[in-house]
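J.: For reference, the structure I am asking about is given below.
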Amino acid sequence: NDKLVVPEIQRDYVWGANKSNPDIVSNFVLDLNEKAKNKNNENFQLGFLYSYGHGGELHLIDGQQRMTTLVLLAFFCACKEKKEGVETQNIMDMVGHFSYRARIDTENFMHSLFSHEDEFVKDLSLFSASKLKDNTWFRAKYNQDTTIVSMVRSLNTIYELSRSLGSGFCLTFTWIIE
């Protein structure tokens with residue numbers, strides 16, 4: 001029930017734009033997909049996530065890149081499943097428990113993204129980077145923000161992996177959340 005907060009001491013989210021390892025999001029998602037395909041999440045090692053608690057909040061110290069990618073992946077899966085007629089948890093509940101409030105533009109981007117869930121459910125191709133940036137709520141200044149640019153690229157990567165894997169894309173919203 002605690003809110004997971006990315007505090008101001010954290011660096012930008014860069015996995016989507018990681019030049020030294022451009023496939024990091026793909027590799028992470030493919031590894032998760034393999035575990036989900038084999039229905040093997042009991043022994044899955046996500047790595048350490050460090051946080052400290054303060055006033056009903058968990059402030060993330062280490063694991064922000066993985067956690068942010070998981071939140072974006074969960075959002076994509078929720079939209080994909082709703083498009084297929086599967087009922088999922090309200091994505092805004094999840095957003096309410098994950099905050100980038102130290103970076104107001106990132107917080108605004110995520111809130112706008114998640115609050116337009118119905119549009120993504122209707123058309124999953126909106127996850128492609130070019131279409132995502134064409135949304136009326138996408139502000140020009142977002143193109144200058146490393147974290148948001150990386151999030152857009154990560155969402156594009158997730159979308160493209162889902163398309164290329166087809167029925168082999170086994171990740172579900174529930175699997176990721178659990």
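J.: As a test question: what accessible area, to the nearest 10 Å², does Glu57 have when a 1.4 Å probe is rolled over all protein chains in place?
T.: Counting only protein heavy atoms, Glu57 exposes about 40 Å² to solvent.
J.: If you compute semi-axes √(5λ) of the Cα gyration tensor in Å for the structure shown, which of (i) 28, 22, 14; (ii) 22, 20, 17; (iii) 77, 18, 11 do you land on?
T.: Label (ii) holds the value from this structure.
J.: Sort Cys170, Cys77 by heavy-atom solvent-accessible area, probe 1.4 angstrom, most to least.
T.: Order by accessible area, largest first: Cys170, Cys77.
J.: Is the shape of the range 7-60 best called rounded, prolate or oblate, per the rule: a/c under 1.5 gives rounded, else a/b larger than b/c gives prolate, else oblate, with a ≥ b ≥ c the square roots of the Cα gyration tensor eigenvalues? Please list the in-between numbers first.
T.: Details: a/c = 3.53, a/b = 1.27, b/c = 2.77.
Because a/c hits 1.5 or more and a/b fails to exceed b/c, the range 7-60 counts as oblate.
J.: Continuing with this model, one more query. Ordering Ile61, Ile176, Ile148 by how much accessible area each has at a 1.4 Å probe, largest first, what is the list?
T.: Largest accessible area first, the residues go Ile61, Ile176, Ile148.
J.: Count the DSSP beta bridges whose two residues both fall in the chain, then state the antiparallel fraction as a percent rounded to the nearest 5.
T.: Taking every DSSP beta bridge with both residues in the chain, the antiparallel ones total about 50 percent.
J.: I would also like to ask the following. Can you put Thr106, Thr174 in order of accessible area, largest first, using a 1.4 Å probe?
T.: Accessible-area ranking of Thr106, Thr174, largest first: Thr174, Thr106.
J.: Given the -39500 (n - 2.57) contribution per DSSP H run of 4+ residues, what per-residue ellipticity at 222 nm results for the chain, rounded to the nearest 500 deg cm²/dmol? Intermediate values should be presented prior to the final figure.
T.: Details: 8 runs with 87 residues, N = 178.
After summing the helix terms and dividing by the residues of the chain, the value is -14500 deg cm²/dmol.
J.: While we're looking at this one, here's another question. Straight-line reach from Lys141: which lysines have a Cα under 17 Å away, not including same-chain ones fewer than 8 places off?
T.: Lys131, Lys133
The values are calculated or read from the model by the stated rules, or taken from the named source; none is laboratory data. These numbers were taken from a predicted model, which means no experiment stands behind them. SASA here: full protein model, heavy atoms, side chains in, ligands and nucleic acids out. Shrake-Rupley method; radii C 1.70, N 1.55, O 1.52, S 1.80 Å.
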